[in-house]
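The values are calculated or read from the model by the stated rules, or taken from the named source; none is laboratory data. Worth saying up front: this structure is predicted, and the values here are computed from it rather than measured. Quick reminder, even Gly has a Cβ in these numbers, built from the backbone with ideal geometry, and neighbours come from all protein chains shown.
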Amino acid sequence: MEFKNETIRDFSIEKERNAIRSALNSIEKSLPFEIPISIGRTEKFSANRFVQKNPWSPELVVSRVSYSNVHDLEETIQISKMNWGPWKERPQQERSTLLMKVAERLVSKKDFIISVCIWETGKQITEAEIEFAEAVDFCRYYATIANDQLSPKNINLLGEDNLYYYQPKGIVSSISPWNFPMAIFTGMCAAPLVVGNIVLAKPAEETSATAFEITKCFWEAGIPKEVLHFLPGLGSEIGEAMVTHPEVAVVNFTGSRDVGLSILKAASLVSPKQRMIKKVICELGGKNAMIVDADADLDVAIQSIIPSAFGFQGQKCSALSRLYVHNDCYNKLKERLIASLDGLLIGSPLDFANRIGPVIHEESYLRLLRLQKENEKFLTGITSLYPKEGFYVAPSLYEPPEDSEMWNSEFFGPILAMQKISTFAEGIQLANNSDYALTCGVISRNPKHILEAKLKIDVGNLYINRGITGAIVHRQPFGGGKLSGTGAKAGGPDYLHLFVEGKTFTENTMRQGFSRDTLQ
Ligand code: NAP
Ligand code: MG
């Protein structure tokens, strides 16, 4: 198997634009999506449902999501235990082939899945296209490396046979966020499954329709329903139960820092019926910086800053929120940033011309408006024209003092803070001055500074002379350190190892009186 990244369509071609447009327009007729719980071969709906409103037309309900509960989880665990044996004993090649089929199935439903995601999240079309490609890449990449890397290794000596092989860990709870409901949800299911684990998938409430469409692709491609269960619902109910259940071997979590840290704590308690130490993978938030050096190409700086800070309304863990700019170019860059902000087109993602859409829901919208209000005295630039209906938050630029929360807290919205630096070294020191360590950017033409940045900036993904979002599977394994995460590096060569454990067989092949090799 050879891995190749999925291609991204060029929407300047009319045919491509028309295909996605007609899929997007067709969604409205099917609303709302009714999202079930799927436990093995049984599908059911809860009486109460979570309602996800459309972010640009909140009067429209996009999905009504069933709440799964602890009884559903218990049923899932029993089915999983009965079905793990045959699944883990299948040859690796077979599971990898199935995952390749999942990728094909996803591609065959591309426009529909992207459209569901856009209606649920308000994501701009090109951003959704790139995210979808990442979902497909995760399937193909993990299928390929599982085949290449995880085959058993023999070391046989005279009189001694050794075998080192990998065994899946068992039941994996994959708990995912709403901001990349195609890519992250897919990757968090695909990796544990391909190496023979059972997956209990809990999507974020907001994006359960997207996640359900993707889960259907796994089943349609031949992944048994008994090894991939779909448990939508509340993080505080089904999510917590999926963390603490004694039969869950791995908690695979991506989301906010507070929830991640509470999961680490809950999973560390060993309940009386528990027979293993739970493994917890936590990929958390970021407060990501960019340093613009004295000699920076300001065109490159602007092209890097705007999409990194405001793409998908700043709702990316990798988004830029702290900008450190050298004195020598500070005023010039600030002037250009203010002008670019005012030129940003904001509106519904159904229109290709719009660069910025609405934020995910009313709660985020009100929280971000409050933050903008609280920091109004530091405001430097803001997009003035934007629709007043829908959850639109104007992209905004601030110059807050050093002790402001704007330098520390993840806001998860289109809010950028900027500050002057006198030296590149000061920029590095400020960039590192954070609990988070996810992404960082450097815009510089000075090779010595670029080298210094590579040596001294402590983040998971450092980007030089480009934007700091949009990591590509295989080329840029993604994930942070410090309080940004456990360093799992999704889309990288080590990721699958999180879902297996090594086993060693050693056999003494010397026999008194006969040699195995002489047996006929
Ligand atoms: P979140 O509120 O932490 O939720 C993430 C998932 O955890 C959701 O499915 C949520 O369920 C569930 N959950 C909530 N409380 C739980 C609990 N007590 N026990 C178990 N599960 C629980 O995060 P979000 O708002 O969806 O996503 C945004 C955050 O994710 C940001 O902080 C962002 O930086 C981070 N993120 C990190 C990465 C990365 O790779 N490092 C990537 C993307 C996003 P509900 O649906 O009920 O809320
Ligand atoms: Mg949530």
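In the stretch 191-209, which residue that is over 17 Å from LEU99 (Cβ atoms) and outside any helix (DSSP H, G or I) is nearest to ligand 2 (Cβ to nearest atom)? Only one residue fits best here, namely ALA204.
For the stretch 219-241, which positions are away from ligand 1 (no atom under 13 Å from the Cβ) and acidic (Asp, Glu)?
Within the stretch 219-241, GLU220, GLU226 meet the criteria.
Restricted to strands (runs of 3 or more DSSP E) entirely inside the stretch 247-355, those with at least 2 residues that are within 19 Å of THR380 (Cβ to Cβ) are 288-292, 320-326.
Yes/no per residue for (1) buried (at least 21 other Cβ atoms within 10 Å of the Cβ); (2) within 16 Å of ligand 2 (Cβ to nearest atom):
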{"site": "ALA211", "(1), (2)": "yes, yes"}
{"site": "ILE214", "(1), (2)": "yes, no"}
{"site": "SER236", "(1), (2)": "no, yes"}
{"site": "VAL251", "(1), (2)": "yes, no"}
{"site": "GLY255", "(1), (2)": "yes, yes"}
{"site": "ALA266", "(1), (2)": "no, no"}
{"site": "GLY286", "(1), (2)": "yes, no"}
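Residues in the stretch 32-70 that are touching a strand residue (DSSP E or B) at 6+ places or on another chain (Cβ under 6 Å) and aliphatic (A, V, I, L, M) were compared, and the one that is surrounded by the most Cβ atoms within 10 Å (Cβ to Cβ) is VAL65. The requirement of being more than 21 Å from LYS489 (Cβ to Cβ), charged (D, E, K, R) and within 14 Å of ligand 1 (Cβ to nearest atom) is not satisfied by GLU247.
Residues considered: GLU34, GLU59, GLU43, GLU2. Of these, the only one that is of a type outside the set (S, T, N, Q) and either in a helix (DSSP H, G or I) or not assigned by TED's automatic domain parsing to the domain that holds SER208 (or both) is GLU2.
Is it fair to say ILE450 is under 13 Å from PHE424 (Cα atoms), outside any strand (DSSP E or B) and either within 12 Å of ligand 1 (Cβ to nearest atom) or aliphatic (A, V, I, L, M) (or both)? Can you show your working first?
Values: under 13 Å from PHE424 (Cα atoms): yes; outside any strand (DSSP E or B): yes; either within 12 Å of ligand 1 (Cβ to nearest atom) or aliphatic (A, V, I, L, M) (or both): yes.
Considered against the rule, which asks whether it is under 13 Å from PHE424 (Cα atoms), outside any strand (DSSP E or B) and either within 12 Å of ligand 1 (Cβ to nearest atom) or aliphatic (A, V, I, L, M) (or both), ILE450 comes out as yes.
The selection criterion, being at pLDDT 95 or above, away from ligand 1 (no atom under 16 Å from the Cβ) and in a loop (DSSP other than H, G, I, E, B), does not hold for LYS216. Residues that are more than 26 Å from GLU28 (Cβ to Cβ), in the same structural domain as LEU320 (by TED's automatic domain parsing), among the aliphatic types (A, V, I, L, M) and surrounded by 13 or more Cβ atoms within 10 Å (Cβ to Cβ) do not occur anywhere in the stretch 345-365.
Check off (1) in a helix (DSSP H, G or I); (2) touching a strand residue (DSSP E or B) at 6+ places or on another chain (Cβ under 9 Å); (3) basic (Lys, Arg) for ARG140 and give me the number that stays unchecked. If we test ARG140 against (1) in a helix (DSSP H, G or I); (2) touching a strand residue (DSSP E or B) at 6+ places or on another chain (Cβ under 9 Å); (3) basic (Lys, Arg), just (2) comes out false. The requirement of being more than 16 Å from ligand 2 (Cβ to nearest atom), surrounded by fewer than 24 Cβ atoms within 10 Å (Cβ to Cβ), over 13 Å from the mean Cα position of the chain (by Cα) and free of Cβ contacts under 8 Å to residues at least 40 places away in the same chain is fulfilled somewhere in the stretch 158-177, by at least one residue.
Here is a check on your reading of the model: is ILE130 surrounded by fewer than 24 Cβ atoms within 10 Å (Cβ to Cβ), within 16 Å of ligand 1 (Cβ to nearest atom) and outside the structural domain of ALA353 (by TED's automatic domain parsing)? In short, yes. In the set (1) out of contact with any strand residue (DSSP E or B) (no Cβ under 6 Å at 6 or more places or on another chain); (2) crowded, with 17+ Cβ neighbours inside 10 Å, CYS440 fails one condition alone, (1).
Looking only at the stretch 369-381, decide whether some residue is buried (at least 16 other Cβ atoms within 10 Å of the Cβ), among the hydroxyl-bearing types (Ser, Thr, Tyr) and part of a helix (DSSP H, G or I). No - not one qualifying residue is present in the stretch 369-381. Within this structure, ASP161 fails the test of being among the acidic types (Asp, Glu) and either part of a helix (DSSP H, G or I) or within 14 Å of ligand 1 (Cβ to nearest atom) (or both). Looking across the stretch 193-213, the residues that are away from ligand 1 (no atom under 12 Å from the Cβ) and over 15 Å from the mean Cα position of the chain (by Cα) come down to LEU193, VAL194, VAL195, GLY196, ASN197, ILE198, VAL199, ALA209, PHE212, GLU213.
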